[in-house]
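To start, the structure itself, in structure tokens.
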Amino acid sequence: MPLPTNITYDCEPTLDDAQVYEFCREGYLVLEDVVDNDVNERTVEFCDRNPSGQPLEILNEDWFVDGVLKNPSAAGAVRSLLGKDFKIPDNISNHRVECPDIAQGWHRDGGSIYTDRLDYLQVFYYPQETTAEMGPTEILPGSHVRRCKSNFINHVRNVKVRVKTVAPAGSIFLTVYSIWHRRGKSTWTGVRNLIKYNYWRTAEPSRDWVIDPDHVFSWPETPPEPGFEQFRREIPAARLFAWLCGEEYEHVGGQGWPCGSPRTPETDQPGLPSGLRRYS
Ligand SMILES: O=C(O)CCC(=O)C(=O)O
Ligand SMILES: [Fe+2]
């Protein structure tokens, strides 16, 4: 059977302003336990019968398309980030590993670029419970916006900011394609599956996710990041968020949006795009 291609899908967005901003800042979002158990089990059985690193035939299975690719929680998050009528995956990988295994090297996937746009999402699905012993994917939060060389990664090892995506069966995590990640070291014995695929934008960016009229964009919270210049992550994250809103990003730098402040003055922060202002 020929594989389905160029299929678009639409549904209601589920993320609000704070969650979309958070995604721009962190570069990933984990949705735990969102896929039904029977779909998880069928996926593992399918992968055992088709142990290829690229099990394309699973894209012809309605139970997989409906339960995973159009999963209401995952698709709602994708709809929030990529806009209406996004394109569902027509390619798929399985990072299927015989555990135990050593950790992979930190990397961005091939084709990563630095951009203020979000035209696609790289998404991972765990059909089995994936414990720390099974070597879950490890992610460096915020690394999707860092222009860095590999010596940055050596530094990261020291400050231990990595996140292990330990998750129950049926978990899906969305990432900005360029995020630094690796397969973690596993000590467990058995086969671990990790399905990976991309969704693509077809719509112009606009702030048409779940709007929170009370959300204050000025002076966002900016947790400290040991070892890095303050607000270095916030600036490209805010530029990306402004692009998603269909707003012009005014790069004023300094204390302008999006630098944080312990107290929130009751004015709009200089540099906040006009469509996000409350007071003017
Ligand atoms: O298996 C994993 O956890 C990640 C694998 C990966 O990132 C890759 O092979 O590109
Ligand atoms: Fe990778």
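Number of residues in segment 186-220 that are within 16 Å of ligand 2 (Cβ to nearest atom) and modelled with pLDDT under 95: the value is 0.
Pick out the one residue from Phe86, Phe64 that is in the same structural domain as Asn193 (by TED's automatic domain parsing) and closer than 30 Å to Thr189 by Cα. Every option except Phe64 fails the conditions.
Being of a type in the set (Asp, Glu) and more than 16 Å from ligand 2 (Cβ to nearest atom) is true of Glu61.
So, Thr5, is that one part of a loop (DSSP other than H, G, I, E, B) and under 15 Å from the mean Cα position of the chain (by Cα) or not?
Values: part of a loop (DSSP other than H, G, I, E, B): yes; under 15 Å from the mean Cα position of the chain (by Cα): no.
Spelling it out, it is not the case that Thr5 is part of a loop (DSSP other than H, G, I, E, B) and under 15 Å from the mean Cα position of the chain (by Cα).
Among the residues of segment 185-212, what is the count of those that are within 14 Å of ligand 1 (Cβ to nearest atom) and either among the acidic types (Asp, Glu) or more than 12 Å from His95 (Cα to Cα) (or both)?
Looking only at segment 185-212, we keep the residues that are within 14 Å of ligand 1 (Cβ to nearest atom), and these are 185-186, 188, 191-198.
Now drop any that are not either among the acidic types (Asp, Glu) or more than 12 Å from His95 (Cα to Cα) (or both), which leaves 185-186, 188, 198.
Total meeting the criteria: 4.
Could you list, in sequence order, all residues of segment 234-280 that are among the small types (Gly, Ala, Ser) and in a helix (DSSP H, G or I)? Result: Ala237, Ala238, Ala242, Ser274, Gly275. Whenever a residue of segment 65-85 is of a type in the set (Phe, Trp, Tyr), it has no partner that is at pLDDT 95 or above lying with C-beta atoms less than 6 angstrom away and at least six residues away or across chains. Would you check if there is a residue in segment 251-268 being modelled with pLDDT under 95, under 22 Å from the mean Cα position of the chain (by Cα) and not assigned by TED's automatic domain parsing to the domain that holds Leu15? Checked segment 251-268: at least one residue is modelled with pLDDT under 95, under 22 Å from the mean Cα position of the chain (by Cα) and not assigned by TED's automatic domain parsing to the domain that holds Leu15.
Counting only residues that are hydroxyl-bearing (Ser, Thr, Tyr) and either within 13 Å of ligand 2 (Cβ to nearest atom) or assigned to a loop (DSSP other than H, G, I, E, B) (or both), which one in segment 107-144 is surrounded by the fewest Cβ atoms within 10 Å (Cβ to Cβ)? Reasoning before the result, please.
Initial filter on segment 107-144 (hydroxyl-bearing (Ser, Thr, Tyr)): 112, 114-115, 120, 125-126, 130-131, 137, 143.
Then keep just the ones that are either within 13 Å of ligand 2 (Cβ to nearest atom) or assigned to a loop (DSSP other than H, G, I, E, B) (or both); that gives 112, 114-115, 131, 137, 143.
On the way: Ser112: 15, Tyr114: 10, Thr115: 16, Thr131: 16, Thr137: 23, Ser143: 24.
Here the answer is Tyr114.
Any residue at all in segment 78-95 that's in contact with a Phe, Trp or Tyr (Cβ under 6 Å, 6 or more places away or on another chain), closer than 30 Å to Arg239 by Cα and of a type in the set (D, E, K, R)? Yes, segment 78-95 contains a residue that is in contact with a Phe, Trp or Tyr (Cβ under 6 Å, 6 or more places away or on another chain), closer than 30 Å to Arg239 by Cα and of a type in the set (D, E, K, R).
Mind checking which residues of segment 258-276 are surrounded by 11 or more Cβ atoms within 10 Å (Cβ to Cβ), within 26 Å of Pro13 (Cα to Cα) and free of Cβ contacts under 8 Å to residues at least 60 places away in the same chain?
Here is the first cut: in segment 258-276, the ones surrounded by 11 or more Cβ atoms within 10 Å (Cβ to Cβ) are 258-261, 264, 267-273, 275-276.
From what is left, the residues that are within 26 Å of Pro13 (Cα to Cα) are 258, 272-273, 275-276.
Those that are surrounded by 11 or more Cβ atoms within 10 Å (Cβ to Cβ), within 26 Å of Pro13 (Cα to Cα) and free of Cβ contacts under 8 Å to residues at least 60 places away in the same chain: Pro258, Leu272, Pro273, Leu276.
Scanning segment 60-106 for residues that are part of a strand (DSSP E or B) and not β-branched (Val, Ile, Thr) yields Phe86, Lys87, Ser93, Asn94, Glu98, Cys99, Pro100, Asp101. Residues that are of a type in the set (Lys, Arg) and farther than 30 Å from Pro220 by Cβ were ranked within segment 22-76; the one that is surrounded by the most Cβ atoms within 10 Å (Cβ to Cβ) is Arg42. For residues in segment 85-106 being more than 13 Å from ligand 1 (Cβ to nearest atom) and acidic (Asp, Glu), which is surrounded by the fewest Cβ atoms within 10 Å (Cβ to Cβ)? The qualifying residue surrounded by the fewest Cβ atoms within 10 Å (Cβ to Cβ) is Asp85.
The values are calculated or read from the model by the stated rules, or taken from the named source; none is laboratory data. This one's a predicted model, so the numbers in the text were calculated from it and none came from an experiment. Reconstructed Cβ throughout: ideal geometry from the backbone, glycine too, with neighbour counts over all protein chains shown.
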